[in-house]
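What follows is a set of notes on a single structure, which appears directly below.
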Amino acid sequence: MELTKEQIQYIENRLIKDGVKYWDIRIEMLDHIVSDIERNAITKNFDSELQRVLKNANWDKNLVDINQEALKNINRKYRTLFHKEILLLLKNAKYIFFLITFCFTHYLLSKNLNFKTFDRINIILFLFPIIFYLVFAIKAWTKKYGKSANLLYGMFYFSFSFLILQMIPQFMRDTSYENKILMWLILIPIYYTMSFSGYRLCKKAITKIEIMKKELAI
């Protein structure tokens with residue numbers, strides 16, 4: 001049983017109405033439904049076949065919970081990929097060389113500059129990935145990728161480092177200069193490693209989205 005474009009659009013509209021708000025989650029569900037109907041149809045009645053497939057997949061009721069479960073699964077996948085990106089980066093000889101050079105230079109600055117100047121330099125270093133993220137996010141928004149779960153978690157793990165690590169300086173506010181310097185020496189290399197790993201993961205998420213959109217356009 002081959003479905004028409006109108007019937008496929010009807011299924012997608014139903015998924016939207018029932019609570020599947022992210023188009024990339026919806027496309028995977030739609031592909032499953034269409035494939036099942038076309039391959040395993042018992043009758044030629046579209047409505048009954050659609051209901052059969054939805055019931056078998058437990059998608060015949062409100063799909064808000066299904067949408068939330070799919071988001072949790074995608075989040076788990078991106079969390080794992082984020083950790084893998086960090087490990088891959090730390091296995092990269094060029095990055096390790098850069099990291100060692102940066103840490104050594106950073107240490108020399110801490111020894112040769114007064115605390116106020118060193119602190120300001122580190123605040124600038126802390127702000128730079130945030131500014132880069134904002135520019136990247138604006139560019140992604142202008143490309144109109146739509147409400148995508150992959151983009152949501154790609155951007156989240158790109159911003160994850162400064163969302164988490166920005167809390168650390170708050171706890172160090174009343175500590176000694178020596179502890180603050182030590183904090184910056186430890187924090188900044190970790191921060192840049194996490195930020196760059198998040199950026200690489202986000203680029204992969206956007207590549208996946210663009211491939212999916214091209215396939216939809218065919």
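The values are calculated or read from the model by the stated rules, or taken from the named source; none is laboratory data. A quick note: this is a predicted structure, and the numbers were derived from the prediction, not measured. Here the Cβ positions follow ideal geometry from the backbone for every residue, glycine too, while neighbour counts run over all protein chains shown. For accessibility, only protein heavy atoms count, side chains too; no ligands or nucleic acids. Shrake-Rupley method; radii C 1.70, N 1.55, O 1.52, S 1.80 Å.
Some values worked out for this structure:
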{"read-out": "Matching option when the condition is among the polar types (S, T, N, Q), free of Cβ contacts under 8 Å to residues at least 40 places away in the same chain, surrounded by 12 or more Cβ atoms within 10 Å (Cβ to Cβ) and part of a helix (DSSP H, G or I), among GLN51, GLN68", "value": "GLN51"}
{"read-out": "Test: residue in segment 115-122 that is without any contact (Cβ under 8 Å) to a residue 40 or more places away in the chain and not basic (Lys, Arg)", "value": "yes"}
{"read-out": "Residues being within 25 Å of MET1 (Cβ to Cβ) and aromatic (Phe, Trp, Tyr) - total across segment 24-78", "value": "2"}
{"read-out": "Single unsatisfied condition, LEU89 versus (1) open to solvent by less than 60 Å² (accessible area, probe 1.4 Å); (2) within 25 Å of ILE37 (Cα to Cα); (3) not in a loop (DSSP other than H, G, I, E, B)", "value": "(2)"}
{"read-out": "Selection count, segment 104-114, where residues are loosely packed, with under 14 Cβ neighbours inside 10 Å and assigned to a helix (DSSP H, G or I)", "value": "6"}
{"read-out": "Boolean, ASP24 is assigned to a helix (DSSP H, G or I) and of a type in the set (Asp, Glu)", "value": "yes"}
{"read-out": "Helices (runs of 4 or more DSSP H) lying entirely in segment 119-218 (those with 2 or more residues that are at pLDDT 90 or above and buried (at least 16 other Cβ atoms within 10 Å of the Cβ))", "value": "149-165, 177-217"}
{"read-out": "Selection within segment 54-65 - assigned to a helix (DSSP H, G or I) and either of a type in the set (A, V, I, L, M, F, W, C) or open to solvent by less than 70 Å² (accessible area, probe 1.4 Å) (or both)", "value": "LEU54, VAL64"}
{"read-out": "Test: residue in segment 110-129 that is touching a helix residue (DSSP H, G or I) at 6+ places or on another chain (Cβ under 8 Å) and closer than 16 Å to MET155 by Cα", "value": "yes"}
{"read-out": "Positions within segment 1-48 being of a type in the set (D, E, K, R), open to solvent by less than 80 Å² (accessible area, probe 1.4 Å) and over 18 Å from ILE74 (Cβ atoms), in sequence order", "value": "GLU12, ARG14, ASP18, ASP36, GLU38"}
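Let's see how each residue does on (1) without any contact (Cβ under 8 Å) to a residue 24 or more places away in the chain; (2) on the phi > 0 side of the Ramachandran plot; (3) within 23 Å of the chain's Cα centre (by Cα):
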site	(1), (2), (3)
GLU6	yes, no, no
TYR10	yes, no, no
ASN13	yes, no, no
LYS17	yes, no, no
TYR22	no, no, yes
ILE27	no, no, yes
VAL34	no, no, no
ALA41	no, no, no
ASN45	yes, no, no
